[in-house]
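Accompanying notes for the structure given below.
The values are calculated or read from the model by the stated rules, or taken from the named source; none is laboratory data. These numbers were taken from a predicted model, which means no experiment stands behind them. When we count neighbours, we look across all protein chains shown, and the Cβ atoms used for this are built from the backbone with ideal geometry, even at glycine. Side chains included, ligands, DNA and RNA excluded: accessible areas come from the protein's heavy atoms. Shrake-Rupley method; radii C 1.70, N 1.55, O 1.52, S 1.80 Å.
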Amino acid sequence: MSRIRSKDTKPEFLVRKFLFSEGFRYKLHEAKLPGKPDLFLPKYKTAVFVDGCFWHGHEGCRYYIIPQTRTDWWIEKITETKKRDAIARNKLREMQISVITLYECSLKPEFRNKTLKRLKSRLLRKPRS
Ligand SMILES: [Zn+2]
């Protein structure tokens, strides 16, 4: 149950729907790649992560607020996640795969169009393989 929820979060769906409608094709949660990117676009050799601001510790974001209780535990947990994220992204870059991270806050209704437009132009700037 929770597994399905975490895979099909709304912001990730938005990105998928947008890219698909723009003619981009991608693989979902490619297990062979480090960090199992939410989307992988083989033609553009680009991995896209749609990250929750809290779990992935989006610095300076208003959705990243460490709870007042068990504070140390949360900090440790989120620090671990960030470390894992960084390792996976470095491995991807070593494989000549570009990495684009979209935080959920950038997909809120007021920022969505701008974020998706920027994503599209970043992909189109990439030389295709
Ligand atoms: Zn954020």
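How large is the charge dipole for region 1-108, taken about the Cα centre, if only the Cβ atoms of Lys, Arg (+1) and Asp, Glu (-1) carry charge, to the nearest 20 debye?
Working: 22 positive and 13 negative charges, 75 e Å.
Computed about the Cα centre, the dipole is about 360 debye.
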- At most 14 other Cβ atoms within 10 Å plus a DSSP loop assignment makes a site exposed; report the longest stretch of the chain without any exposed GluC sites (Glu not before Pro). 60-129
- Task: Could you check how much of the accessible area of the chain is carbon and sulfur, as a whole percent, using a 1.4 Å probe?
- Result: 54 percent
- Can you work out ³J(HN,Hα) from phi for every residue in region 84-89, in order, using Karplus 6.51 cos²θ - 1.76 cosθ + 1.60 and θ = phi - 60°, giving whole Hz and x for Gly and Pro? 4, 4, 5, 5, 4, 5
- Checking Arg84, Arg62, Arg93 against a Gaussian network model of the chain (alpha-carbon springs below 10 Å), the top fluctuating residue turns out to be Arg62
- Which residue, Ala88, Ala47, Ala31, tops the fluctuation ranking in a GNM of the chain built on C-alpha contacts under 10 Å? Ala31
- Query: Among Pro37, Pro67, Pro11, which one moves the most in a GNM of the chain with springs linking Cα atoms closer than 10 Å?
  - Reply: Pro67
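For the chain, what is the mean residue ellipticity at 222 nm derived from helices alone (per DSSP H run of n ≥ 4: -39500 (n - 2.57); sum divided by total residues; nearest 500 deg cm²/dmol)? Let's see the in-between values first.
Working: 4 runs with 59 residues, N = 129.
That calculation yields -15000 deg cm²/dmol at 222 nm.
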- Message: For the chain, take the longest principal axis of its alpha carbons; what is the angle in degrees between that and the long axis of helix 109-125, to the nearest 10 within 0 to 90?
- Response: 50 degrees
- In square angstrom, what is the accessible area per residue of the chain with a 1.4 angstrom probe? 66 Å²
- Message: Full-extension gain between Arg25 and Ile66, please, as 0.36 nm times their residue separation minus the C-alpha to C-alpha distance.
- Response: 11.1 nm
- Query: Cα-Cα over 29 Å: which of Lys77/Lys114; Lys32/Lys77; Lys17/Lys43?
  - Reply: Lys77/Lys114
